[in-house]
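I have placed the structure first, in the form of structure tokens, so that the comments after it can refer back to it.
The values are calculated or read from the model by the stated rules, or taken from the named source; none is laboratory data. As the structure is a prediction and not an experimental result, all values here were calculated from the model. Positions of Cβ are backbone-derived with ideal geometry, glycine not excepted, and every protein chain shown enters the neighbour counts.
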Amino acid sequence: MQGCRLGVVVSALALAGTGVPDGAAAQSFTGIGSGARAFQQLDADKLPTPNVYRAATGEPGPRYWQQRADYVIDVAIDEDKKRLTGAETILYTNNSPHTLRYLWVQLDQNRFADGSLARMSETAATSGSRREAGSAQDRLSYGALARQMALADVDHGFKIEAVQDRNGKNLPYTVVDTMMRVDLPSPLAPGQTFELDIDWHQQIIDESVVGGRGGYKCFPVDARPENQDKDCIFFLAQWFPRMAAFTDYEGWHNKAFLGRGEFTLEFGDYVVSITAPADHIVTATGELTNPGEVLTPQQRQRLARAKESDRPVMIVTPEEAKENEQEGTSERQTWRFEAENVRDFAFASSRKFIWDAMGYRQDDDENPVVMAMSFYPNEAEPIWSQYSTEAVVHTMDVYNRFSFNYPYPYAISVNAWERGGMEYPMITFNGYRPNAEDAPNGEVTYTRGIKYGLIGVIIHEIGHIYFPMTVNSDERQWTWMDEGLNTFLEYVAEIEWEENYPAFRGKTNILDYITSYMTSANQVPIMTQSDSILQFGPNAYSKPAAGLTILRETVLGRELFDPAFREYARRWKFKRPTPADFFRTMEEVSGVDLDWFFRGWWYTTDHVDLAVTGMRQYTISSQDPDQEASYQRREASQREPEPLIQRRNREEGRETRLERRGEALEDFYTENDQFVPTNKQRNDYQRFLDELSDADRAIFERAQERQPYVTFVDFENVGGLVMPIPLTLTYEGGDVETMMIPAEIWRRDAERVTKMFLTETPIISVEIDVDHEIADADPTNNAFPQKPVTSRLELYLSQRSSTNQMADALVELEGDDKGETAGEQGPDVPLSAGAGDAPPNDAEAEPTAEGPSESEGDKAEEGGQREEADE
């Protein structure tokens, strides 16, 4: 980069010497109006109008309301038949200003029924696979085939036996896929209650084959076929008919459950009696109210000790769990649980459970001690006893700071499946345990992915007890409101677990991880309805989490972000927020306009790619022709170096005609080049000084005294998403300065801008996003001058592959019978086949039946929300 002189004209700075080429200047006008669109307020076209239910400030309005549903349920597990049988009483309270003539009830297990909307609308790409619709090839995995056969073998879904009022009178009802409308005998006015009784049964899902958020997982007792499903873990979710939500912004939420968009539910109190085999340990949402009937005196003593302990205490030891597996019983017993102000109820039951617990103390007069507990089989050891309950406690430590004190008396982690997790009030179902094959010399080992997957998924699922189990967002409509916010806090908690935590597929920085998704073609905006999201994990989990990380660390700073986020959680604790409530609260409390940020990150598929496209540096011209002549001469020689032909002529000793003829050809121009000042220029300079006002003369003289460097840097928004510019300036001599140029620099032109810097020392380089804090997708255009891309190159040996059919035919056939008959072995292939003797298909390879491995969602091996096999 060459320096230039900057001239002063009256009181304005003007380019002198090497200005911006006309073509480049014209290009800067192509973005006129783009800034206005990027910074348009969300209220203009995206957010609903505030009203008496939801205020413009983002908080509940003066007439905010929500419904309530209280439950009394008796349920029994038939372990042999893998069946649930239940009877429930629902007390429904109409807190709305509307009169209701019918109620809607959710029957979520009906999604597995033959002919359901979910099953009938599966595509080849989504049937047993997590690939996106439209990406399917003509192939079928073993897992997908097993799932289809299992669904065909069992009649799944709720079997409704009775729907009655409190007097035992049958009520008319209509089942519509995963919903049931119950017609009321008389209108339910505002403030009134109605009691509804439902009897039902259902077959429990084999989760390891069919998928789903609940079901059973069996472990073989021995090698005999009849003992392959004797010892099971039952983890039951969406297991009973639940009241659908009725809200101010949508009325009845009766959209069918298709498997991905999760749940929208009402708060209430639960009294649940669970009858299970007498050798089972049962854990559930809520407090166990009959411990004297189902726990031994020793177990109750251990629980009391665990409440005072700061380390996990074994309630059921590994040895006791193994002994329990071997005994078996035909007896049954009932466990009773009560839970207050929860939106759902889940439970787990197994004879295989090890159980550990410890007390977590928080500064809360109403709920000072939370019992953190874990339930897991011996197959989960040694990793679960070391990390599960510790991760539960760590989650509450972090989330309490960002929201509110943990609101319930229990926080439970249950090992239910191989990987992934699901959340319910007070209880979570979590994956990750060592593989049985990873036991060289009988010593169980586990991978790095299993360790951090376990820690991460427990943090994530326990975090869900805050969002959405307490801050009760609408999962069916907006997945990101619980998954995105929760993944953001999970990331905070993981970094506080240990430095360099491999949070996202081995990467520590979420902003490095998210760029590949944000530059991919197969995208939809975050605000897409849950069932239509493409690339579900990155879209609903990681992208919102990355955006909130940028908002906290770069746009707002922690001092503004943290109080705003806490206020959102406080305002909507035990209430139902919408996206507008979140966006408005963050702006209201932080005092910063964030519409540009939410519009770009949430409502578009643009990505971040800011580039430094040019840099020019000047010093202030004195405009004195006698002083400027040397500058002008030097600049000209730098812009246009001596022609090669002229230099080589001189090197060869070839004289010019002027040199040969001398005075005969000399005149004024021979001794004076175009930069020699003239008297006219001197007079013009003096008039320039005389015409300056006193103020301008003082500015001019100060500039001549200080001789600052004026640098113009051009930035381009290649990716389309406006963002602050984290800039690093390096000066001559090695000094470095960092600064944050706010996003508002793009408010007039969201495509290209130029920034001027006035410095005492020359700037030799500029660079964007040195700390990788804005998810910039292309670091190669972030510096001026451009930096080389460096890496390591591995040498490889070329390999040739070919098929030798003759040699393959001579290979000895493997197997016990060695193919004693031609029918078993296949037809003989002659070694010298003539024309027409070759097999009809001579292809070297054919596609495998297994197909590509299926992604486990956004965070896969490193933890994160479970995605179902059929999604």
TODO: All but one of (1) surrounded by fewer than 24 Cβ atoms within 10 Å (Cβ to Cβ); (2) in a loop (DSSP other than H, G, I, E, B); (3) in contact with a helix residue (DSSP H, G or I) (Cβ under 9 Å, 6 or more places away or on another chain) hold for Phe467, so report the exception by its number.
DONE: (1)
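Rundown of residues vs (1) more than 20 Å from His460 (Cβ to Cβ); (2) surrounded by fewer than 23 Cβ atoms within 10 Å (Cβ to Cβ); (3) within 20 Å of the chain's Cα centre (by Cα), yes/no style:
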| residue | (1), (2), (3) |
| --- | --- |
| Ala521 | yes, yes, yes |
| Val524 | yes, yes, yes |
| Gly537 | no, yes, yes |
| Tyr541 | no, no, yes |
| Glu553 | yes, yes, yes |
| Tyr568 | no, no, yes |
| Arg576 | yes, no, no |
| Glu588 | yes, yes, no |
Open item on the list: Looking at Ala56, Ala25, can you tell me which residue is at pLDDT 95 or above and among the aliphatic types (A, V, I, L, M)?
Closed with: Ala56
Task: Search result, residues across region 673-683 that are surrounded by 12 or more Cβ atoms within 10 Å (Cβ to Cβ) and either touching a strand residue (DSSP E or B) at 6+ places or on another chain (Cβ under 6 Å) or assigned to a loop (DSSP other than H, G, I, E, B) (or both) - done: Phe675, Val676, Pro677
TODO: Answer with yes or no whether Gly557 is in contact with a strand residue (DSSP E or B) (Cβ under 6 Å, 6 or more places away or on another chain) and small (Gly, Ala, Ser).
DONE: no
Open item on the list: For region 250-278, give me the residue count where each residue is under 30 Å from Arg332 (Cα atoms) and at pLDDT below 95.
Closed with: 0
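Here is a yes/no grid of residues against (1) touching a strand residue (DSSP E or B) at 6+ places or on another chain (Cβ under 9 Å); (2) closer than 24 Å to Thr247 by Cα; (3) part of a loop (DSSP other than H, G, I, E, B); (4) at pLDDT 95 or above:
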position: Pro563; (1), (2), (3), (4): no, no, no, yes
position: Ala580; (1), (2), (3), (4): yes, yes, no, yes
position: Phe583; (1), (2), (3), (4): no, yes, no, yes
position: Asp593; (1), (2), (3), (4): no, no, yes, yes
position: Phe598; (1), (2), (3), (4): no, no, no, yes
position: Met615; (1), (2), (3), (4): yes, no, no, yes
- [ ] Tell me the strands (runs of 3 or more DSSP E) entirely within region 33-121 that contain at least 2 residues that are polar (S, T, N, Q).
- [x] 83-93
- [ ] Kindly provide the set of residues from region 274-292 that are surrounded by fewer than 17 Cβ atoms within 10 Å (Cβ to Cβ), under 20 Å from Val72 (Cα atoms), more than 36 Å from the chain's Cα centre (by Cα) and touching a residue at least 40 places away in the same chain (Cβ under 8 Å), ordered by number.
- [x] Thr289, Asn290
Open item on the list: Restricting to region 155-193, name every residue that is within 15 Å of Glu88 (Cα to Cα), among the aliphatic types (A, V, I, L, M) and surrounded by fewer than 14 Cβ atoms within 10 Å (Cβ to Cβ).
Closed with: Ala162
- [ ] Collect the residues in region 479-492 that are out of contact with any Pro (no Cβ under 6 Å at 6 or more places or on another chain), over 23 Å from Tyr376 (Cα atoms) and part of a helix (DSSP H, G or I), keeping them in residue-number order.
- [x] Met481, Glu483, Leu485, Asn486, Thr487, Phe488, Leu489, Tyr491, Val492
TODO: Run Asp769 past the list (1) without any contact (Cβ under 8 Å) to a residue 40 or more places away in the chain; (2) touching a Pro at 6+ places or on another chain (Cβ under 8 Å); (3) among the acidic types (Asp, Glu) and report the number of the one that doesn't hold.
DONE: (1)
TODO: Determine the pairs where a residue that is in contact (Cβ under 8 Å) with a residue 24 or more places away in the chain, located within region 343-369, has a partner that is in a loop (DSSP other than H, G, I, E, B) and hydrophobic (A, V, I, L, M, F, W, C) with Cβ atoms under 6 Å apart, the partner being 6 or more residues away or on another chain.
DONE: Arg343/Leu265; Asp344/Leu265; Ala346/Ala237
Open item on the list: Would you confirm whether or not region 357-366 contains a residue that is among the basic types (Lys, Arg) and more than 26 Å from Glu262 (Cα to Cα)?
Closed with: yes
Open item on the list: Return the pair list, or none, for Cβ contacts closer than 6 Å from residues in region 646-660 that are modelled with pLDDT of 95 or more to residues that are surrounded by 10 or more Cβ atoms within 10 Å (Cβ to Cβ) and among the small types (Gly, Ala, Ser), at least 6 apart or on different chains.
Closed with: none
Open item on the list: Which pairs turn up if I take residues in region 233-245 that are farther than 19 Å from Met422 by Cα and look for partners that are among the hydroxyl-bearing types (Ser, Thr, Tyr) and part of a loop (DSSP other than H, G, I, E, B) with beta carbon separation below 7 Å, at least 6 apart in sequence or on another chain?
Closed with: Ala245/Thr264
Open item on the list: Arg476 - would you say it is more than 19 Å from Phe353 (Cα to Cα) and part of a loop (DSSP other than H, G, I, E, B)?
Closed with: yes
